[in-house]
Amino acid sequence: KGGPGNYVLYASHDKADGYEPYTQSTPSAFDKKRGYEVDEVGGKYRLALGDNLSFDARYSHVDARLDYPSVKQVAYSQNRRKEDLASLGVDYQANAWASFQVKGYYYKWDSHYTTVRNNLPLGAGQVVTDDNLFWGFDDRGVNAIAKLTPNKGFEYLIGYDYQQYSGEDQVLVILPQKEDVNAVFAQVRTTDDLFTNIHLAAGARYNKTGGAEKTVWNVSGRYDATSWLYLQGLVGTSFIL
């Protein structure tokens with residue numbers, strides 16, 4: 001801690017020669033081990049302005065080199081990947097029964113894939129079949145949620161979610177695509193003031209994109225039978241963007 005707020009800085013390095021994922025391979029496969037080397041740096045910062053207002057900022061950067069061996073012909077195959085994730089959130093406690101949170105984020109995932117193969121018969125040279133091909137996506141959005149407890153026994157959540165993402169893949173030949181998603185959601189759940197050993201919740205979410213719209217819902221419950229045994233169930237619907 002130094003100055004206003006609290007922060008955490010971190011860095012990591014992981015490297016492994018890898019393992020052979022295949023019990024058998026042909027003599028034409030030179031690259032047989034699946035290894036990796038991953039570097040990550042990042043930080044978190046939180047600033048509290050009194051008891052009711054706080055800010056939270058986070059950032060992480062990952063640089064990875066990942067091997068992709070095969071059972072035949074591969075002399076070199078690697079995926080070089082970069083990831084960046086940043087977020088900024090605000091929490092506000094308006095009063096004893098109402099709190100609000102707004103959070104924005106940005107996620108970028110880029111990868112370049114290269115494969116060098118041995119021509120057959122062996123000794124006939126090598127060929128680059130995937131030369132630094134790109135695949136990845138961008139994802140950004142904002143989420144706003146209100147938590148309300150105006151009366152004992154129940155807790156209410158209501159919010160709005162916006163997401164914009166785009167991506168492409170030159171390896172599987174997926175052309176650049178982009179989509180925006182707007183959603184509103186709500187949930188009601190019980191608290192210990194109503195039941196101490198039963199927890200119930202029900203919620204719904206309406207999603208709308210440029211080409212489709214869908215409403216999903218779920219109902220869940222948990223019963224604490226003893227201090228070491230509980231029963232839990234969930235029923236609902238879902239969707240895929």
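Computing percent of Cα pairs over 33 Å apart directly from the structure and comparing it against (i) 47; (ii) 20; (iii) 51 singles out (i).
Counting Cα-Cα pairs of segment 55-116 in 10 Å increments starting at 0 gives whole-percent bin shares of 18, 28, 20, 16, 11, 6, 2.
Tell me, what % of the accessible area of segment 56-215 is carbon and sulfur with a 1.4 angstrom probe? After summing per-atom areas, the C and S share lands at 58 percent. With all projection directions averaged, the alpha carbon convex hull of segment 24-78 covers 5.4 nm². Local charge for D56 was computed over the other residues whose Cβ lies under 9 Å away, with Lys and Arg +1 and Asp and Glu -1, and equals +3. Counting Cα-Cα pairs of segment 177-233 in 5 Å increments starting at 0 gives whole-percent bin shares of 5, 16, 19, 15, 12, 10, 9, 7, 5, 2, 0.
With every protein chain in place and a 1.4 angstrom probe, the accessible-area ranking of S25, S227, S111, S87, largest first, reads S227, S25, S87, S111. Put simply, the C-alpha atoms of segment 145-221 give a gyration tensor, and the ellipsoid matching it has half-axes of 37, 13, 10 Å, longest first.
The value obtained for segment 72-187, namely the Cα convex hull volume divided by the number of residues, is 127 Å³ per residue. With the chain treated as a Gaussian network of Cα nodes joined by springs under 10 Å, which of L229, L175, L88 yields the largest mean-square fluctuation? Per the Cα network of the chain with a 10 Å cutoff, L229 tops the list. Taking all protein chains into account, the per residue accessible area for the chain stands at 64 Å² (1.4 Å probe). Here the Karplus relation 6.51 cos²θ - 1.76 cosθ + 1.60, evaluated at θ = phi - 60°, turns the backbone of segment 94-99 into coupling constants of 5, 7, 5, 10, 9, 9 Hz, with x for every Gly and Pro.
Compactness of segment 1-128 is given as radius of gyration and Dmax, 23.3, 76 Å, from Cα positions.
The values are calculated or read from the model by the stated rules, or taken from the named source; none is laboratory data. Remember, predicted model here, so these are calculated numbers, not experimental data. Cβ atoms come from the backbone with ideal geometry, glycine included; neighbour counts cover every protein chain shown. When the accessible area is computed, the model is the full protein with side chains, heavy atoms only, and any ligands, DNA or RNA have been set aside. Shrake-Rupley method; radii C 1.70, N 1.55, O 1.52, S 1.80 Å.
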